[in-house]
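Asks: Dumping the structure here so I can ask a few things about it.
The values are calculated or read from the model by the stated rules, or taken from the named source; none is laboratory data. Here the structure is a predicted model, which means the values were calculated and not measured. Quick reminder, even Gly has a Cβ in these numbers, built from the backbone with ideal geometry, and neighbours come from all protein chains shown. Just the protein is used for accessible areas: all its heavy atoms, side chains included, with ligands, DNA and RNA removed. Shrake-Rupley method; radii C 1.70, N 1.55, O 1.52, S 1.80 Å.
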Amino acid sequence: MIYGVKAKLPLLPNLTEPSAYNTEEWIAYLNNHLPTIHGIAIENIKKAQVKQKRAYNKGPGVKYDYQPGDLVARKNLIKNGFPKQRWLGPYKVLGLNNKEGTSFKILLEGKPDHYQTTANARILRPWFTQDHREEALN
């Protein structure tokens, strides 16, 4: 009791007060409704498994097979004000930085005095020259 009033908890819809039915009625109710609820749960699980399988089979959406000499754009991670360039480059791939092939050594193209840096493959994209962009549009 709270403040002299009997608390009413949210129950399943269409159920009466707990004291208003007996055990046999409750068993009959469960026997009628539980299989349908169970069937709906199994259908939802199967739908979720199909979605998860489709997402898993897509694989990674990132290209990891950059070769030395490829030109790439690097995502701009510097937290400057608005507006900022989203991609910087072109950078030239110098080689792999680790055995897994997920990190690359890169150098800013056209600036040989610029220092060599590393970048994770997730923040790299292939660099497209103006000629490639025009071909893609036509």
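Asks: Would you confirm whether any residue within region 117-125 is open to solvent by 80 Å² or more (accessible area, probe 1.4 Å) and over 29 Å from Gly59 (Cα atoms)?
Replies: No, the conditions are met nowhere in region 117-125.
Asks: Can you name every residue in region 97-113 that is surrounded by 14 or more Cβ atoms within 10 Å (Cβ to Cβ) and within 15 Å of Asp70 (Cβ to Cβ)?
Replies: Asn97, Ser103, Phe104, Lys105, Ile106, Leu107, Leu108, Glu109
Asks: Moving on to the next point. What strands (runs of 3 or more DSSP E) lie completely within region 96-138 and have 3 or more residues being touching a strand residue (DSSP E or B) at 6+ places or on another chain (Cβ under 8 Å) and hydrophobic (A, V, I, L, M, F, W, C)?
Replies: Values: elements: 103-108, 117-120, 124-126.
The strands (runs of 3 or more DSSP E) meeting that bar are 103-108.
Asks: Can you work out which of the residues in region 56-77 that are charged (D, E, K, R) and surrounded by 10 or more Cβ atoms within 10 Å (Cβ to Cβ) is modelled with the lowest pLDDT?
Replies: Per the criteria, the residue is Lys63.
Asks: In region 25-78, which residues are of a type in the set (Ser, Thr, Tyr) and assigned to a helix (DSSP H, G or I)?
Replies: Just the residues of region 25-78 that are of a type in the set (Ser, Thr, Tyr), to begin with: 29, 36, 56, 64, 66.
Residues satisfying the conditions are Tyr29, Thr36, Tyr56.
Asks: Considering only residues that are modelled with pLDDT of 65 or more, open to solvent by less than 100 Å² (accessible area, probe 1.4 Å) and outside any loop (DSSP other than H, G, I, E, B), which ones fall in region 1-24?
Replies: Answer for region 1-24, where residues must be modelled with pLDDT of 65 or more, open to solvent by less than 100 Å² (accessible area, probe 1.4 Å) and outside any loop (DSSP other than H, G, I, E, B): Val5, Thr23.
Asks: Please go through region 78-96 and pick out each residue that is open to solvent by less than 70 Å² (accessible area, probe 1.4 Å), out of contact with any Leu (no Cβ under 7 Å at 6 or more places or on another chain) and modelled with pLDDT of 85 or more.
Replies: Leu88, Val93, Gly95
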